[in-house]
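Asks: The following block contains the structure, expressed as structure tokens.
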Amino acid sequence: MLTSCSGSGSKTQAVLTGRVVYPDDANYPAAKQLWDGLFITFPLAIVFAQQAQDVINAITWCRQNNVEFRARSGRHSLEGWSSLNGGIVIDVSEMKNIVINRSAMTATLQTGYNQGEIVAALGQQNLTLPLGSEGDVGVAGVTLGGGFGYLTRQFGVTCDNLLAVDIVVPSSSGSAKLIHADANNHADLLWACRGGGGGNFGIATAFTFRLHEINNVIHFKLDWDFASVPAVINAWQSWFPFVDARLGSTLVVLPKSVEVEGYFNGPEVELRHLLAPLLAINSPNQLIEQVNYAEKYAKNNAGPRQLNNWKFSSSWVYQPLSAHAIAIIMQYMSSDIAAQIPGANYWCLGWGGATRKVPSGGAAFYHRNPLYYAEPGAGWNDNSKTPEFLIWVENFSVAMRPFVEGGYVNVPDASFVNWGELYYGINYARLREIKSMYDPENIFNFPQSIPLA
Ligand SMILES: Cc1cc2nc3c(=O)[nH]c(=O)nc-3n(C[C@H](O)[C@H](O)[C@H](O)COP(=O)(O)OP(=O)(O)OC[C@H]3O[C@@H](n4cnc5c(N)ncnc54)[C@H](O)[C@@H]3O)c2cc1C
């Protein structure tokens, strides 16, 4: 059982266990590499834990030696906060074991998996979890900060499906211990792990999730020329947040076009009826196809990675964007700088349906009732352009601020000042109290980590 490890006492000298990679190892450059090329760090060592005891040993070693550390799983932190200079990276990505209980409709899995691996493993039994759409993003980081994608309106935010977590937290003896949090044990910590952010309270080593049936779904993709942006945004934002929850959809504004893509977990004839308000706008190019959900997910993630550096700035749209706000989006997306950014986009994910339903026991995830999630984003390879492109994202984000609210802790923005309120709203105060209970010495510490109460 995953909870059977005990904390090692701080009186004996801890050693780093697991697969430990040091700077003079040939594979150090690959071991320290994060997904986003903007963030280059030089850790003292990377500990690839093979079991929870390795995590306990690493935290204990760091405490005994007064060395900082970070938790890491899928390496996709969008501010690079899963690594650090001169400290220990405690990486769970080699811990992969999954037990699917079909009759209970649950899966208990170690936190080393990425999303693609989970969708594939569950898909073999026509089961799934509502995850994000990129296969190589870690399940750990996604779940702990929230987690959303095309199935969210039907099955909820990823963290709302989290029933239990095994997590290594600091112990009062100067060491660390593995505890199990569920509805009856450490329920406050389960609440915090449902959207309260990765790296704040402990290092999660296993999750138990509620599962959902899925098989064939209808995938659709519509696209229009750039001139259609106002009509498409207006139609999408006044219609989509309120339609059948079996429908999930994104809207993406690109420098020369606008796209709406999504999945419907129901018959094609019903989808065509639901899409009528969009299909009526300026004869879009359209693709409507039946696909197997897990197979399509794998296919979407099969291609090689194109762009190395990425910056996004997160927000939520609670009131329909006005004509003025839409004009700002068009102004930024049609600017000379946007034309130079290969991955320039304004990306929105429709909200509503199950997102509004808080799970039994509650969740730290705060943004239940917006119309949709929205972020300006940029991706590029030319490092010499980095300062210019970062400023474009920053200015775009600031220009949109009067029309949006909040932020998403999984798409953190180091430039946010009142980030606690932006990410967590009224849940921030309780998160600080829980932080003080489980990590009173604040050893889980990074820019924008939850502070002590
Ligand atoms: C290309 C891309 C696409 C994305 N798409 C989506 C999407 O569709 N939907 C969505 O919701 N989000 C999306 N995100 C955001 C994503 O949810 C976050 O980047 C997430 O934090 C990544 O988790 P990770 O495990 O890959 O990253 P990591 O960098 O390993 O970790 C992220 C954070 O979690 C902490 N952490 C990692 N593992 C653990 C652990 N075991 N225990 C405790 N803390 C831990 C880290 O310390 C860090 O603070 C996307 C990000 C990228 C880069």
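Asks: List every residue whose amide H lies under 5 Å from the amide H of Y318, counting only residues 5 or more places away in sequence or on a different chain, with H placed 1.01 Å from N in the peptide plane.
Replies: Distant-sequence amide H within range of Y318: L371, E405.
Asks: Give the angle, between 0 and 90 degrees and rounded to the nearest 10, that separates the Cα long axis of helix 229-239 from the longest principal axis of the Cα atoms of the chain.
Replies: Helix 229-239 and the main axis of the chain meet at about 70 degrees.
Asks: Next up: Karplus couplings for the stretch 322-336 from phi (6.51 cos²θ - 1.76 cosθ + 1.60, θ = phi - 60°), rounded to Hz, Gly and Pro as x?
Replies: Each residue's phi maps through the Karplus curve to give 6, 4, 5, 5, 5, 5, 5, 4, 5, 4, 5, 6, 9, 6, 4 Hz.
Asks: So for the chain, averaging the separation of alpha carbon pairs under 8 Å that are six or more residues apart and normalising by length, what relative contact order in percent results? All intermediate terms of the calculation are to be shown ahead of the outcome.
Replies: On the way: 1046 pairs, mean separation 72.0, N = 453.
Averaging sequence separation for qualifying contacts and normalising by length gives 16 percent for the chain.
Asks: Sticking with this structure for a sec: For a test of the definition: using alpha carbon positions, the gyration tensor, and the 1.5 limit on a/c, classify the stretch 258-362 as rounded, prolate or oblate.
Replies: Numbers: a/c = 1.32, a/b = 1.25, b/c = 1.06.
Rounded, since a/c falls under 1.5.
Asks: Could you give the length gained by full extension between W239 and N369, i.e. 0.36 nm per residue of separation minus their alpha carbon distance, to one decimal place? Mind showing how you got there, number by number?
Replies: Values: separation 130, 0.36 × 130 = 46.80 nm, distance 1.49 nm.
Gain on stretching W239 to N369: 45.3 nm.
Asks: Okay, next question. Pull out the extension gain between E405 and L452, defined as 0.36 nm times the separation in residues minus the alpha carbon to alpha carbon distance; nm, one decimal. The partial results should precede the final answer.
Replies: Values: separation 47, 0.36 × 47 = 16.92 nm, distance 2.49 nm.
Result: 14.4 nm gained on full extension.
Asks: With charges set only on the Cβ (+1 for Lys and Arg, -1 for Asp and Glu), what does the dipole of the chain come to about its Cα centre, in debye to the nearest 20? Don't skip to the answer; put the middle values down first.
Replies: Values: 29 positive and 36 negative charges, 140 e Å.
Here the chain has a charge dipole of around 680 debye.
Asks: Going by how many other Cβ atoms sit within 10 Å of their own, how do S103, S77 line up, fewest first? Present the calculation step by step, with values, prior to reporting the outcome.
Replies: Details: S103 5, S77 26.
Lowest count first: S103, S77.
Asks: If you take the charge dipole of the chain about its Cα centre, with +1 on Lys and Arg Cβ and -1 on Asp and Glu Cβ, which of A453, N282, Y318 is farthest toward its positive end?
Replies: So the residue we want is A453.
Asks: Also: Loop only per DSSP, at most 12 neighbouring Cβ atoms within 10 Å: give me the GluC sites (Glu not before Pro) in the stretch 420-453, ordered by residue number.
Replies: Working: sites: E421, E433, E441; in loops: E441.
Here the GluC sites (Glu not before Pro) that fit, given the DSSP loop and packing criteria, are E441.
Asks: What is the spin-label model distance, in nm, from L390 to A323 if the labels are put 7 Å beyond Cα along the C-beta direction?
Replies: Here the modelled spin labels are 3.8 nm apart.
Asks: May I ask you to evaluate 6.51 cos²θ - 1.76 cosθ + 1.60, the Karplus curve with θ = phi - 60°, for each residue of the stretch 136-142 and list the ³J(HN,Hα) values in order in whole Hz, giving x for glycine and proline?
Replies: 8, 6, x, 4, 5, x, 4
Asks: Would you mind checking K96/K357; K177/K357; K311/K435; K256/K311 for any pair whose Cα atoms are more than 23 angstrom apart? Provide the component values of the computation, followed by the final result.
Replies: Values: K96/K357 30 Å; K177/K357 33 Å; K311/K435 29 Å; K256/K311 20 Å.
Among K96/K357; K177/K357; K311/K435; K256/K311, the Cα-Cα distance tops 23 Å for K96/K357; K177/K357; K311/K435.
Asks: Among rounded, prolate and oblate, which fits the stretch 1-118 when a ≥ b ≥ c are the square roots of the eigenvalues of its C-alpha gyration tensor, a/c under 1.5 means rounded, and a/b larger than b/c means prolate? Please report the intermediate quantities before stating the final value.
Replies: On the way: a/c = 2.29, a/b = 1.21, b/c = 1.90.
It comes out oblate by the Cα gyration axes.
Asks: What percent of all Cα-Cα pairs in the chain falls in each 20 Å bin, counting up from 0?
Replies: 25, 58, 17, 0
Asks: Ok, one more. When a/c reaches 1.5 or more, the comparison of a/b and b/c decides; with that in mind, is the stretch 319-453 rounded, prolate or oblate per its Cα gyration tensor?
Replies: Numbers: a/c = 2.66, a/b = 1.52, b/c = 1.75.
Oblate is the answer for the stretch 319-453, as a/c is 1.5 or above yet b/c matches or exceeds a/b.
Each reported figure results from applying straightforward, stated rules to the coordinates on display, with no laboratory input. For clarity, every value in this text was computed on a predicted model and none was experimentally measured. A quick note on method: Cβ atoms are made from the backbone with ideal geometry, for glycine too, and the neighbour counts reach across all protein chains shown.
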